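Read through the structure below, which is laid out as structure tokens, and then see the notes.
The values are calculated or read from the model by the stated rules, or taken from the named source; none is laboratory data. Owing to the predicted nature of the structure, the values given are computational and were not obtained by experimental measurement. Cβ placement follows ideal geometry from the backbone for every residue including glycine, while neighbour counts extend to all protein chains displayed. Ligands, DNA and RNA are excluded from the accessible area calculation, which covers all protein heavy atoms including side chains. Shrake-Rupley method; radii C 1.70, N 1.55, O 1.52, S 1.80 Å.
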Amino acid sequence: MACGGCVGSVVDGSTFSLGLPVAEAVDNRHIRDMTSASSIKVSRIDAYRWRVERSGRMNTYGLIFADSDLMHDLEGDQCIQQVVNVAHLPGIVGPSIAMPDIHWGYGFPIGGVAAFDEHDGVVSPGGVGYDINCGVRLLSTPITIDDLRPKLASLADKLHATIPSGVGSSRSDLKLTKAELNGVLERGAEWAIDRGFGPERDLECIEAGGRLSADPDCVSTKAKQRGLNQVGTVGSGNHFVEVGYVDEVYRVDVANRLGLSLGKVTVFIHSGSRGLGYQVCDDYLDTMVRASAKYGIELPDKQLCCAPLGSEEAKSYLGAMNAAANYAFANRQLMSYYARRGLAAVFSRETADQTDLVYDVAHNIAKYETHIVEGKTRRVCVHRKGATRAFPPGHRELNPRYRDVGQPVLIPGDMGRYSFVLTGTAGAYSETFGSTCHGAGRRMSRHQAKKVARPRNVVKEMEQRGILIRAASRRTVDEEIPEAYKDVAKVVDVVHSAGIGRRVARLQPVAVVKG
Amino acid sequence: MSYRFLPHTADLILEISGASLADLFNDATSVMRALTVGNGLVEATESHLIELQASSPDELLIRFIRELLVHFQIDTFVPANLVIYRLSPSRISATVHGERFDDSKHEPQPEIKAATRHRLSVEEVEGGWHAVVVLDL
């Protein structure tokens, strides 16, 4: 078995090492040409894996999951250089990893995963991003697409009216006191459940139970000010609330366990920690610029500024980052509450009561986790920036509800095509620190997308395809046209075929609320 | 006014050129106005004092952009123009005039989360100043 990882033992029992011979591939030269730095050497390992060779001051190699088409899509993009940059950071364990939805970000590439040793490694806010714990959650309702059709427009309007969207959107009906905000920062989704924003059972279906060990005192006053009235709001850009239904099932037994039988209506939510998270990131980037100089860490990109994991700077950042992550968990919990209220208003109270949370997962986060690396158990700080945790069946951190099937993984696509539900695998656990892709990934710049969309009426086009759009801004809709994204089915094909995620079901959108 | 956006897959690369450092900050204010309300008219009915210090001109510029973003996020304040009192590569003292976002005349734009340090540069060049900032959308 050709395998690009060095993280642990492979599922089938074969072993591998950093020095694994790399298969020469016909595409090698092309990949070299399309990266901006001619010194970057990329070789094909197998149909879904590419190795970025170690050179210069890199502490490890890069490992990119992609097929030939997705690699071609990276042409002109700086993301492979960013994979290389991350490989320079001190204490990196295993390769600098990129998922098939990789695209050019700032600091880490979007779709990047990197783990750092708890003693020699670092934590970098640039490896998490501004929208801390940006993530997705999926609800399954008891109604079918046939029940929904006659009332679809009413539900879309109701969701648009009850869940504020757009830039700086805020809730006039829920302005937190400072004490309540501290409760949110400390207890995340638990705080929301205690306040009556959803049933207790929801907590079983959230990564880390919807609460990370946080220190609200590490969050600045300005960040808290930005967070006071934004909890329960969508925000802008690629964030959304999407009503859809299950249109394909690949594993009936697992899909049924997740409440995702054919034709079942779902609600997909994508949002994060809003202005509070952006401010936490900004505050700690300032701290980390100073820390990098103080600890003598050489950086290939200033946005990768970082601090050693044991340092005071790192502890403060992790305390604040977890607080922002809790804010995001609470935010998505409140959005679910308002989605359920919308279902109650348009259908019935019973419909809302029988609407279950399938799962809620972060895709911008850094977490201490235990992994087996080259046969040894090691505690590492895993950075996932635009990547999803994908723990395998049997993992002790999973709630008993899903421990036998593995962690549900939610992969939203663009607003016009489809989204996927997968489960985590042993392959992901051994090769990618229990991580997989997070979405489709952009292939067109926003500027390009706007230009393409300008002469068209995208909302009308989508309506003709059976998808209602409710949006705060036309520009957002134009920038988010389906063709601006890679085909998420291709991204999911790669992770499924590479064994770092396993397909369960596909969802078809019918109504989308955007910022 | 001289600024343009360079191609970037997911975010926005902003390039500004100015005859002076003051031009650069004035242009940054205009860009932030355009990025928050598009072409809509912004009147000067409200003002905020901005006093910032930084170790270098690039740090000063991203702190300045950040300050404008925070005013927009917290109070929906949209900048119209800038009156500079003191400016050096490490310090700015200025008043930004503008008004709060108004649905009736302003078109909402996608949210700018932050000004990043990725490929950040602010340099004195022949004939003025040149800056590159990647904005996270």
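Of all lysines in the structure, the ones whose alpha carbon falls short of 18 Å from that of A:K451, not counting any fewer than 8 places away in one chain, are A:K460, A:K486.
When the GluC sites (Glu not before Pro) in segment B:17-119 are filtered for DSSP coil states and for at most 13 other beta-carbon atoms within 10 Å of their beta-carbon, the remaining sites are B:E43. Here the relative contact order of segment A:135-514, from alpha carbon pairs under 8 Å that lie six or more residues apart, stands at 24 percent. Which of rounded, prolate, oblate describes segment A:135-514, given a ≥ b ≥ c as roots of the alpha-carbon gyration tensor eigenvalues and a/c under 1.5 marking rounded, otherwise prolate only if a/b is larger than b/c? It is rounded, given that a/c, with a ≥ b ≥ c, falls under 1.5.
The mean number of partner chain beta-carbon atoms within 10 angstrom of a residue's beta-carbon across peptide A:94-107 is 3. When only the Cβ of Lys, Arg, Asp and Glu is charged (+1, +1, -1, -1), the dipole of the protein assembly as shown relative to its Cα centre reaches about 700 debye.
Positive-end ranking of A:M444, A:A426, A:L212 along the dipole of chain A, with charges on Cβ about the Cα centre, is headed by A:M444. Within the straight-line cut-off of under 17 Å between alpha carbons, the lysines reachable from A:K315 are A:K294, A:K367, sequence neighbours fewer than 8 places apart in one chain being disregarded. When +1 charges are put on Lys and Arg Cβ atoms and -1 charges on Asp and Glu Cβ atoms, the dipole computed for segment B:31-84 relative to its Cα centre reaches about 120 debye.
Taking every DSSP bridge with both residues inside segment A:135-514, close to 90 percent are antiparallel. Within the same chain, lysines fewer than 8 places from A:K175 are excluded, and of the rest, those with a Cα less than 26 Å from its Cα are A:K158, A:K222, A:K224, A:K514, B:K113. Here the 3J(HN,Hα) profile of segment A:46-53, calculated from phi with Karplus coefficients 6.51, -1.76 and 1.60 at θ = phi - 60°, is 8, 4, 10, 10, 10, 10, 9, 5 Hz, Gly and Pro shown as x. Amide H contacts of A:I469: A:V512, each under 5 Å away and 5 or more positions distant or on a separate chain (H built 1.01 Å from N in the peptide plane; Pro and chain starts excluded).
Fully extending the segment from A:D146 to A:K178, taken as 0.36 nm per residue of separation minus the present Cα-Cα distance, adds 7.0 nm. Computed about its Cα centre, the charge dipole of segment A:135-514 is approximately 760 debye, with only Lys, Arg, Asp and Glu carrying charge at their Cβ.
Comparing each chain alone with all protein chains together (probe 1.4 Å, DNA, RNA and ligands left out), the residues of segment B:50-97 losing at least 30 Å² of accessible area are B:R66, B:V70, B:F72, B:Q73, B:I74. Computed packing ranks the peptides A:152-163, A:463-474 as A:152-163, A:463-474, most packed first, by mean other Cβ atoms within 10 Å. Placing dummy labels 7 Å off each Cα toward the beta-carbon, the span from B:E43 to A:D247 is 4.9 nm. Taking R0 as 41 Å, what's the FRET efficiency between A:D404 and A:S154 from their Cβ-Cβ distance, rounded to 0.05? That gives a FRET efficiency of 0.60.
Tally up the carbon and sulfur contribution to the accessible surface of segment B:3-136 as a whole percent, 1.4 Å probe, everything protein left in place. Its accessible area is 46 percent carbon and sulfur atoms. Among beta bridges identified by DSSP and lying wholly in the protein assembly as shown, the antiparallel ones come to about 95 percent. Comparing the full protein assembly with the isolated chain, the residues of segment A:471-515 losing at least 50 square angstrom of accessible surface (1.4 Å probe) are A:R475. Element breakdown for chain A at a 1.4 angstrom probe: carbon and sulfur atoms account for 47% of the accessible area. Using Cα atoms only, what is the angle between the long axis of helix A:178-187 and the major principal axis of chain A, expressed in degrees (0 to 90) to the nearest 10? Long axis of A:178-187 versus the principal axis of chain A: about 60 degrees. Summarising the label geometry, the points placed 7 Å from Cα in the beta-carbon direction at A:A161 and A:D69 lie 4.2 nm from one another. Remark: segment B:99-109, residue by residue, has Karplus-estimated 3J(HN,Hα) of 8, 7, 3, 10, 3, 6, 10, 10, 9, x, 10 Hz, where x stands for each Gly or Pro and the curve is 6.51 cos²θ - 1.76 cosθ + 1.60 at θ = phi - 60°.
The residues of segment B:3-136 present an accessible area of 39 Å² per residue when probed at 1.4 Å with all protein chains retained. Positive end of the dipole of segment A:318-377 (Cβ unit charges, origin at the Cα centre): among A:Y338, A:A366, A:T377, the Cα lying farthest that way belongs to A:Y338. For chain A, the per residue solvent-accessible surface stands at 33 Å², with DNA, RNA and ligands left out and a 1.4 Å probe. Averaged over the residues of peptide A:422-428, the number of Cβ atoms from other protein chains lying within 10 Å of each residue's Cβ is 0. If R0 equals 35 Å, the separation of the Cβ atoms of A:E397 and A:R349 corresponds to a calculated FRET efficiency of about 0.55. Taken residue by residue and averaged, Cβ atoms of other chains lying within 10 Å of the Cβ of A:445-456 number 2. Between A:S311 and B:R4, the C-beta separation translates, for a Förster distance of 35 Å, into a calculated FRET efficiency of about 0.30. Considering only C-alpha atoms, what is the centroid distance from segment B:31-99 to segment A:97-135, in Å? Cα centres, segment B:31-99 to segment A:97-135: 30 Å. Normalised by the number of residues in chain B, the mean separation of alpha-carbon contacts (under 8 Å, six or more apart) gives a relative contact order of 33 percent.
Computed 3J(HN,Hα) for segment A:89-105, one whole-Hz value per residue from the Karplus formula 6.51 cos²θ - 1.76 cosθ + 1.60 where θ = phi - 60°, is 5, x, x, 5, 10, x, x, 7, 9, 10, 8, x, 8, 4, 8, 4, x, glycine and proline marked x.
For segment A:231-254, a reduction of at least 30 Å² in accessible area between the chain on its own and the assembled protein chains (probe 1.4 Å) is found at A:S236. Interface between chains B and A: roughly 3200 Å² of accessible area buried, both sides summed (probe 1.4 Å, protein heavy atoms only). When restricted to Cα atoms, segment A:42-162 yields an Rg and a Dmax of 19.9, 62 Å, respectively.
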